[in-house]
1. Hydropathy first: keep DSSP H helices in chain B averaging at least 1.0 on Kyte-Doolittle, then drop any whose Cα extent along the axis falls short of 15 Å, and list what survives.
2. Could I have the simple spin-label model distance between B:V276 and A:Q45, label points 7 Å from Cα toward Cβ, reported in nm to one decimal?
3. When Rg is the radius of gyration of the Cα atoms in the stretch A:159-274 and Rh is its Kirkwood radius, what does Rg/Rh come to?
4. If one takes the longest principal axis of the Cα atoms in chain A, at what angle in degrees, from 0 to 90 and to the nearest 10, does the Cα axis of helix A:12-35 lie?
5. Could you name the aspartates and glutamates whose alpha carbon sits less than 18 Å from that of B:K93, not counting residues in the same chain fewer than 8 places away?
6. Tell me, what is the FRET efficiency for B:Q176 and A:S11 to the nearest 0.05, using R0 = 22 angstrom and their Cβ-Cβ distance as r?
7. Compute the long axis of helix A:104-116 from its Cα atoms, compare it with the longest principal axis of the Cα atoms of chain A, and write down the angle in degrees, 0 to 90, nearest 10.
8. Quick one: what are the phi-derived ³J(HN,Hα) couplings along the stretch A:79-87, Karplus 6.51/-1.76/1.60 with θ = phi - 60°, whole Hz, x for glycine and proline?
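Laboratory data are not the source of any read-out in this text; all were calculated from the coordinates shown. The structure displayed is predicted, hence computed values, not measured ones. As a convention, Cβ positions derive from the backbone with ideal geometry for all residues, glycine included, and neighbour counts pool all protein chains shown.
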Amino acid sequence: MNSTKKSFLISKSSFIMILYIAFLMIPIYWLLNMSFKTNTEILSQFSLFPQNFTFHNYYIIFTDPSWYWGYINSMAYVSINVVISLAVALPAAYAFSRYTFLGDKHLFFWLLTNRMAPPAVFALPFFQLYSSVGLFDTYWAVALAHTLFNVPLSVWILEGFMRGVPKEIDETAYVDGYSFFKFFRKIFIPLIASGIGVTAFFCFMFSWVELLLSRTLTSVDAKSIAATMTRTVSATGIDWGVLAAAGILTIVPGALVIYFVRNHIAKGFALGRV
Amino acid sequence: MNKTVNQKAWFLVLPVFILVAFSAVIPLMTVVNYSVQDTFGNNIFTWVGLEWFEEIIHSERMHDALGRQFLFTSIIMAIEMPLGIFIALHMPKKGFWASVCLVLISLPLLVPWNVVGTIWQIFGRSDIGLLGHTLTSMGIDYNYSQDILSAWSTIIVMDVWHWTSLVVLLSYAGLQSIPSAYYQAAKIDQASRWSVFRYIELPKMRGVLLIAALLRFMDSFMIYTEPFVLTGGGPGNSTTFLSIDLVNMALGQFDLGPASAYSIMYFLVILLVSWVFFTVMTNIDKGGKA
């Protein structure tokens, strides 16, 4: 009797959590709701649910090249960025976690300063730099520009994970006759696999959500989905339904992978320092 | 962990060094270069010394944008930090619901920044948005594209929506690392809920909270996309923060000299504050773990 009664009561903590999560979810729900409505319905009547449920907005995005190429372009530079960031950050993070060397602390702080650099400061010089080397409007320009904040972030997160691996493992491997590269590939990388996963996730995310640099460095061929969305807004009138559908589709990739990193996400945001 | 001295480790750091030098130092030098020169087109530059810096330091435009920026950053930090800690204290500690909460709470952090703007743009419109419609039908005069107060409150609520979860996640991780023995000891001493928070939880969360504050300061200080999409800096200039102002100056008007001087001072302010945070943070790392 007592236990059944208890399950009907909502504790204060749950109440607060429900309130907070509702606050987070309602705006997203509203976007989802709009994405299933026709434009006439959006503008003519106000309703909490789509009255004439339609996939038309999604159909437009999946059939119009100027829309779906936005997604492909974004995916392309984000992937390049993740690969570059991880490739250079792995050895560096290992060095920072294992050795003391001349200027290591200064270098570490200097890396962090790049995470603090406002993209607005870099937009113009990047535009000139990549135009002068002929990379403007290519995936490489955006991918390289995003390493500005993703490489420091990767080094920091990976260093945090590597610090957790006891140094004795390295030493034992060397005694057993492993070369540095063989040790790194066969033993060390599997040990910090979750750290690498989390780092990749964060690089993906920060490159995916960024607008200013990707918009400045592309015009047609490599135009990102974020830029496509803002430019459509300023064009002839606003197609709210399609805009909402496009927004929902940009949230999907993050939402799909977040489940896998849920236990490490705080560590990632804390730059590996929790 | 005691580290060994090994200068060869520089070879491992070299790729990062070269890459970051390419993507940070070269652009930064370009900016420094422009900031001390004037041009009349045709790639002819003349040395003007610190003229641009003097002009920018005395310009009302920069003062206003800087003032708005500090106001915005203080307001959102004053809301997000306590709210984040408060929510983290009420998160389920473990089990299925803890996972559900973690995933749902993290969701706003993964929304592309321009989509955050779009979401609130739609949500706040009085003709088609739930928030705008509700407020208007309650008789509140709300219009974020015309009214300064509405614009500011929408941007602040939007930022709270977007980033409070970061503070929640970090505080939650900090709370999880407190051994249960601490709580048992507090129970024996019959400590009140407040003193448990004040003397056990808060000191243990100090490190992560500092990181949260550092990140929130940095990111809110360079906010661009969300207000750009939502209000475009308006009505008037009332929500033109430093980044928006700078982009207008650099890419809109192409005033290279003043824009570069602006950039450098902007960056220096961020660096200065972050350096203070960083120093405190590393000191805590040293003292806290001993």
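1. Helices meeting the criterion: B:9-20, B:96-106, B:148-176, B:202-221, B:256-289.
2. Simple spin-label model gives 5.7 nm for this pair.
3. On the way: Rg = 20.7 Å, Rh = 17.5 Å.
Here Rg/Rh amounts to 1.18.
4. 70 degrees
5. In chain and number order, the partners are B:E201.
6. Details: r = 20 Å, r/R0 = 0.89.
Efficiency computed from Cβ-Cβ geometry: 0.65.
7. 10 degrees
8. Along the stretch A:79-87, the couplings run 5, 4, 4, 4, 5, 4, 4, 5, 4 Hz.
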